[in-house]
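Have a look at the structure below, then the notes.
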Amino acid sequence: QVQFVESGGGLVQPVGSLRLSCAAFGSILTILPMGWYRQAPGKQRELLAVITSGGSTNYADSVKGRLTISRDNAKITVYLQMNSLKPEDTAVYYCNAAGSSWSSKPKFDSWGQGTQVTVSS
């Protein structure tokens with residue numbers, strides 16, 4: 001059984017920065033690719049960034065150059081550094097083990113509570 005606990009969200013002004021953390025529980029997660037997702041009001045949850053166990057990364061075009069995903073396998077923690085934030089980045093942010101391809105569902109059906117990011121002046 002795995003569990004995800006996201007933190008680090010908050011209210012930030014446009015062009016500001018935030019660093020999100022995801023504490024993951026479940027040893028299997030150390031060998032799985034991990035992803036950050038977000039869900040804005042009235043929209044479907046979308047995948048933003050993926051990092052493999054070896055540190056290779058991939059990003060959605062909408063966030064490329066502004067978001068950086070990283071991980072600490074010893075702590076089973078995944079981070080998302082968010083820079084140059086825009087109002088359209090307002091959403092609840094989640095982490096999960098990523099699926100086998102960008103369009104796949106995440107590996108686990110269970111989600112954490114997420115962390116709210118609000119970008120507003």
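The values are calculated or read from the model by the stated rules, or taken from the named source; none is laboratory data. These numbers were taken from a predicted model, which means no experiment stands behind them. A quick note on method: Cβ atoms are made from the backbone with ideal geometry, for glycine too, and the neighbour counts reach across all protein chains shown. The accessibility values were calculated without ligands, DNA or RNA, using every heavy atom of the protein model including side chains. Shrake-Rupley method; radii C 1.70, N 1.55, O 1.52, S 1.80 Å.
Being open to solvent by 70 Å² or more (accessible area, probe 1.4 Å) and not in a helix (DSSP H, G or I) is the filter here; which residues of the stretch 27-56 pass it?
Matches in the stretch 27-56: Pro41, Gly42, Lys43, Gln44, Arg45, Glu46, Gly54, Ser56.
Residues considered: Val2, Val15. Of these, the only one that is open to solvent by 30 Å² or more (accessible area, probe 1.4 Å) and either at positive phi or not polar (S, T, N, Q) (or both) is Val15. Just one residue in the set Trp111, Trp102 is in contact with a Phe, Trp or Tyr (Cβ under 6 Å, 6 or more places away or on another chain), within 13 Å of Tyr37 (Cβ to Cβ) and of a type in the set (Phe, Trp, Tyr); that residue is Trp111.
Taken over the stretch 79-99, the residue count meeting the criterion of being among the polar types (S, T, N, Q), touching a strand residue (DSSP E or B) at 6+ places or on another chain (Cβ under 8 Å) and surrounded by fewer than 22 Cβ atoms within 10 Å (Cβ to Cβ) is 3.
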